[in-house]
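Since the structure comes first, as C-alpha cells, the remarks are kept for the end.
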C-alpha cells in the first residue's frame, strides 16, 4: 500500500470542503470518473472495498477523509417512506425492525452478502459505490478499460464466468457485485446527494450507468458530491411476497452468479404490483423495466417464464457465461414463484 | 473430571495440549518472531508467464524512506551453489541467477526495508519491463505433448486389451480434475537470522530437517550451520514439504545486509511460487463379468507439470492395487507447461485418482445394475494386486457394511433422478477411500527431570494435525503420567531427526520412535532403582517393576514403590535421558500396507438451478489404531471437507490468453464455508495390525479426502442422472 494522508471529519460541510475542485471522491471505492489510477482524495467509511483496492494498488488515494464518525447513521420514517443514512452499517440496516417488516427484500439481500464481519463495517453509501470484482480490474498489471480507459478488456475473451450478460458493452462486461443495490433497485430507491452547491435526489436506476464507451464512469455523481442517504418509497410489498434469490457457487461469502430481487403485490392469484431486479448478471443493479407487464396477470409459472424471456432478450454472453442466460431465466421464475408463495 | 485426572493412554480422547497457546496467541508462527534489528522483505512477482526481464527500475523504490535495498538478478544478494547436489533445487527455485521468466508469479525481485509499510510501498514503485515469449498453460490443449516421465514405469499384468475387448460389461470414460492451490491458513513466511556463518530460519515448514539440508546445500553451508525452527505450522497440505524460493532469498538478503530479514508471502502471492495440485486428465476403463467380477482395469493418467521440474500426479496407483483383476494397466504421462511447480497436495495421486476410479466403479455398477456396495464387496481384494503381498490388515469390507448401515443405504433408490424433495433432487452415493501407508526412520529423545516431568523431543512437526497431543498420549501411556507432566518439543532441526510430515507418516514413524524412547527411559529408570540400595525397589527384578502414576512399583505389590522424582533426584545430573533411532523393519517386503474407508453421501441438487448441496455424510475408516480419537476425527472432518471443496468448488483458474491465474484470493478461489458442510459422521474401525509398526498406527491425514469427491459425484448422478466427469461440479454443469 502507498502512503496517504488521513483526515477525520464529523460534519457534512467539512467533508464537502475536502472535495476541492478537481479532487473528488465518494465513499468506499467509488467511481473513477477520469479513469486511471486516480490519486484523488477518497472518503472512507467502512473501508471494506477501498482498503482492498489500495492494497492491490488499484486505487492510490493521496488522502483518506474518514467520514465514519459523521452523523448519517439514522433510519428515519418520512412522509413518503424511509430515509436511510449513508453511514448505516449493512448489519444495522438488515436487522432494523422497520426494514425487516416493510422492506424485507432489502434485509434479505443484505444478509445474503459478504460475511457478518464485513457487514458490521460496510455502510450503505459504501455498498452503493463498491467496485467491480472483475479480476482484470483488480490487478493493475492487467489491461482494463474501467481502470485504465482504452487499454482493452481481457475479460471478454478471457475468464468471463462471473461477468455480466446484460448492460454490457464491447468495452466492459464487469458485473456490479452488490446484493444490497439489487434490492434497492427493486424497491425504486432514490439516492440523496449533497454538495456545497446544494442537494439533489437521483433515482437508483438513473444513478448507475452502464459502461457503453466509458466503463470508468460508473454513476452520475459529480466530483463535488457525497451520498448522504437513501430514500425508500412507501412500502407496498409484504415480507412474504418479497424474495431475494442468490445463486452462487459457495453457500456463504461468495458473490452472486445471478441474484434476483422479486417483490409482488398479490390479491388472491392476481398480481397487483411487481418489481423485479437482477444482480450478478448486469453491469449495474438491473431493474427489469418490464416488471409492470406482470400487473394484472395471474400467478403462473409460464407467465413468469415469459416475463423472464422478455427480461433477457437483449442478453449477450461470452464463452464462459453463456449458461447465465438460461440460469437467469430460471432464477427469475424461481424468485417470482417464491414471492408469489406457490413453492 | 479434568483431563489431568483421566488415566491417559492411546485411544483416549485428549484435548489439544497446545490449544491454550493457540487461542491466546502465545503459539509462535513463522512471521511472529520478534528479532532485534529485523528488516522486512516484500517479494515482487513476474506478471508474464514466459520471457525475460529487460528493465527493472528501482530508483523510485530506493527513495522511499526506510528502504534498504531492492534485489533482483542485477544485484543478487548472494551466490547460489553450483555444486552438483544443489543444482536441482537452485535451478527450480530461480534465485535471481538470471533474468529468465518461467511462470507467472515467479519471484523476480525482493524489496527489503526497515518496516513493512515502506517495503510494501516501495514494491509498488518498482517498474519492470519484459520481453515476452509464447507460452502454453492449458493442459487440455497440449495433451499431444504428453510424455512418459523418466522415472515412471507403466504397470502391467495380464493382457488388458484382450480381456477388455472380450468382456461382457464395460465402461471407459475420461475424467478431469483442475489445478488446485493449497491455501493453508498460515501463509508462507520465513524469518532468516545470521550469527556469523550460522543461519537460523524461523520457517513454516513440514520439514525442518529437509529445509535445513536444502538451504545448506543451496547456500554452500555445512548442515550444522543451519537451524530451522517451525514449532507451529498453520497447515501445509503438502505445499510446505518443499523449500520454495522465498526461504533462500530471505537468507541471502539477511546475510548480505547483516541483519535478520522476514519475508512473508501475501495470500495473493501464493498462487504460483509455492506449488499447486496439477490438473489431470484420466481415462479409466473397467470390464466385468455379468456377475460383477472385475476382469480388467486400466487407469491412464495425464497431469500437467512445470517445465523446470517434473512432477507426476500418480493417479493410477490405486486402481492397480485395491481391486482384483487379472488384467490391469496403469500409466502416467506428464505435460510440461509454463506454470509454477506442481507438487504434493493432500493425498497426491490418490485424491485425484480415486475420483476417476471410484466414479468409473459407480458407472460400471450402474451398467451391471448392481448396488455399488455389493459390487465393491464382490471385488474386495484379499491381497494387494500391485505387489502381490498380503495386506498387513484390511477392514474395508467392514467399513462398507458399518457405514452403509449407519447411513441407511438400504433405502437408496438405484434409479437416478427418482427422489425429489420440493425443488430439489436427492441422491445417494458412495466410494472407497484408500491411502498407502509408509513409515520412515525417525529418532526421539526423552528426558526425565528431577520433578518427575518428562520432555519428549523429535524434529517432527504439528502441522495442525495434533502431533503434540498425540505424542503426549503415546508418552503418557508408556510412562503412566498425566498430560501435565509431559512436554513434547517439536519443530526444531536441533532436535533428534524426524522425516518430513507428509504422506500420513508422522504417527507411524515418530509415534513409534516416541513409544520406544519412553520404554527406553523407563528401562533406564528401573535399572537405576533396582541397582540402588536407597531404593525400596533395590534388587528387584526389572521385569517385575512397572510405572504407575509417576512412580515405579512392583507389579505384584504396588505398595513397594518409589516416585520417579525420588529416583531422578539421586542421580548426579538430576535427570535421566534416553534416545532411540527407530526405523522400519522388513514389513514392507512382507506386507502391503494401506488405510481404507468408505464414504456414504447424501446430496441434494436444485432441479432448476443446478446447485449441489452435500446434506449429510457417513464414513467408516480403517486407519489402524487411533491414537487420539478427537484429533483423528478432526483429520477426517478436514479431509472430507477438503473433498467437498474438490468435488464442488476448488479450481485455480488460469486465463490461457495471458497465462496467469485470475482467482488468486480466497474470495474467488472457493474453499468450503461452514454453510457448505453439514453433518459428517466419522466411524473408526480399529483392526489390530501387528505388522505395520509396533503401535499398529496406519496414519490418517490423507485418508479422508480420498474417494470423497467421487462419493459426491456418484451421489449427484443418483440425484440427477447426470455424470459430471469434470471437477468441480459447479451448477452450470448441471443445468
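The values are calculated or read from the model by the stated rules, or taken from the named source; none is laboratory data. Every value quoted in this text rests on a predicted model; they were computed, and no experiment measured them. Reconstructed Cβ throughout: ideal geometry from the backbone, glycine too, with neighbour counts over all protein chains shown.
If you check residue A:281 against the conditions, is it within 11 Å of chain B (Cβ to nearest Cβ), at pLDDT 95 or above and within 13 Å of residue A:165 (Cβ to Cβ)? Judged against the criteria, residue A:281 is not a match.
Which one is surrounded by the most Cβ atoms within 10 Å (Cβ to Cβ) among residues in segment B:718-727 that are within 16 Å of residue B:609 (Cβ to Cβ) and touching a residue at least 12 places away in the same chain (Cβ under 8 Å)? This residue is B:719. Restricting attention to segment A:226-256, the residues that are within 18 Å of the chain's Cα centre (by Cα) and either closer than 30 Å to residue A:42 by Cβ or without any contact (Cβ under 8 Å) to a residue 40 or more places away in the chain (or both) total 14. No other residue among B:589, B:602 is part of a strand (DSSP E or B) and either within 30 Å of residue B:443 (Cβ to Cβ) or touching a residue at least 40 places away in the same chain (Cβ under 8 Å) (or both) apart from B:602.
Only residues that are assigned to a loop (DSSP other than H, G, I, E, B), touching a helix residue (DSSP H, G or I) at 6+ places or on another chain (Cβ under 7 Å) and more than 23 Å from residue A:242 (Cα to Cα) were counted in segment A:175-214, giving 1.
Matching residues to (1) buried (at least 17 other Cβ atoms within 10 Å of the Cβ); (2) farther than 28 Å from residue B:57 by Cβ; (3) more than 28 Å from the chain's Cα centre (by Cα):
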position: B:75; (1), (2), (3): no, no, yes
position: B:93; (1), (2), (3): yes, no, no
position: B:96; (1), (2), (3): yes, no, yes
position: B:100; (1), (2), (3): no, no, yes
position: B:107; (1), (2), (3): yes, no, no
position: B:111; (1), (2), (3): yes, no, yes
position: B:122; (1), (2), (3): yes, no, yes
position: B:127; (1), (2), (3): no, no, yes
position: B:141; (1), (2), (3): no, yes, yes
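Scanning segment B:216-233 for residues that are more than 13 Å from residue B:86 (Cβ to Cβ), buried (at least 18 other Cβ atoms within 10 Å of the Cβ) and out of contact with any strand residue (DSSP E or B) (no Cβ under 6 Å at 6 or more places or on another chain) gives B:231, B:232, B:233.
Restricting attention to segment B:717-733, and to residues there that are part of a helix (DSSP H, G or I) and touching a strand residue (DSSP E or B) at 6+ places or on another chain (Cβ under 6 Å), which single residue is nearest to the other protein chains (Cβ to nearest Cβ)? The residue in question is B:720. Does residue B:358 satisfy the criteria of being in contact with a helix residue (DSSP H, G or I) (Cβ under 7 Å, 6 or more places away or on another chain) and within 15 Å of residue B:180 (Cβ to Cβ)? No.
Just wondering, is there one or more residues in segment A:257-273 that are more than 14 Å from chain B (Cβ to nearest Cβ), touching a strand residue (DSSP E or B) at 6+ places or on another chain (Cβ under 9 Å), closer than 16 Å to residue A:185 by Cβ and surrounded by fewer than 24 Cβ atoms within 10 Å (Cβ to Cβ)? There is at least one residue in segment A:257-273 that is more than 14 Å from chain B (Cβ to nearest Cβ), touching a strand residue (DSSP E or B) at 6+ places or on another chain (Cβ under 9 Å), closer than 16 Å to residue A:185 by Cβ and surrounded by fewer than 24 Cβ atoms within 10 Å (Cβ to Cβ).
For segment B:676-691, the count of residues that are facing chain A (nearest Cβ under 7 Å), under 27 Å from residue B:601 (Cβ atoms) and either more than 23 Å from the chain's Cα centre (by Cα) or crowded, with 21+ Cβ neighbours inside 10 Å (or both) is at least one.
Of the strands (runs of 3 or more DSSP E) contained entirely in segment A:45-118, those carrying at least 1 residues that are closer than 30 Å to residue A:144 by Cα fall at A:63-66. Restricting attention to segment B:623-659 and to residues that are in contact with a strand residue (DSSP E or B) (Cβ under 7 Å, 6 or more places away or on another chain), facing chain A (nearest Cβ under 10 Å) and not in a loop (DSSP other than H, G, I, E, B), the residue that is nearest to residue B:512 (Cα to Cα) turns out to be B:648. When the test is whether a residue is more than 26 Å from residue B:195 (Cα to Cα), in contact (Cβ under 8 Å) with a residue 40 or more places away in the chain and surrounded by 14 or more Cβ atoms within 10 Å (Cβ to Cβ), residue B:51 passes it. Selection of segment B:269-301 for residues being within 18 Å of residue B:136 (Cβ to Cβ) and in contact with a helix residue (DSSP H, G or I) (Cβ under 6 Å, 6 or more places away or on another chain) yields only B:280. Checking each residue in segment B:664-675 for being over 23 Å from the mean Cα position of the chain (by Cα) and assigned to a loop (DSSP other than H, G, I, E, B) picks out B:667, B:668. Picking from residues in segment A:3-19 that are within 14 Å of chain B (Cβ to nearest Cβ) and in contact (Cβ under 8 Å) with a residue 60 or more places away in the chain, the one that is surrounded by the most Cβ atoms within 10 Å (Cβ to Cβ) is A:4.
Across segment A:303-330, the number of residues qualifying as within 14 Å of chain B (Cβ to nearest Cβ) and in a helix (DSSP H, G or I) comes to 11. Being closer than 24 Å to residue B:582 by Cα and surrounded by 19 or more Cβ atoms within 10 Å (Cβ to Cβ) holds for only one residue in B:522, B:537, and it is B:522.
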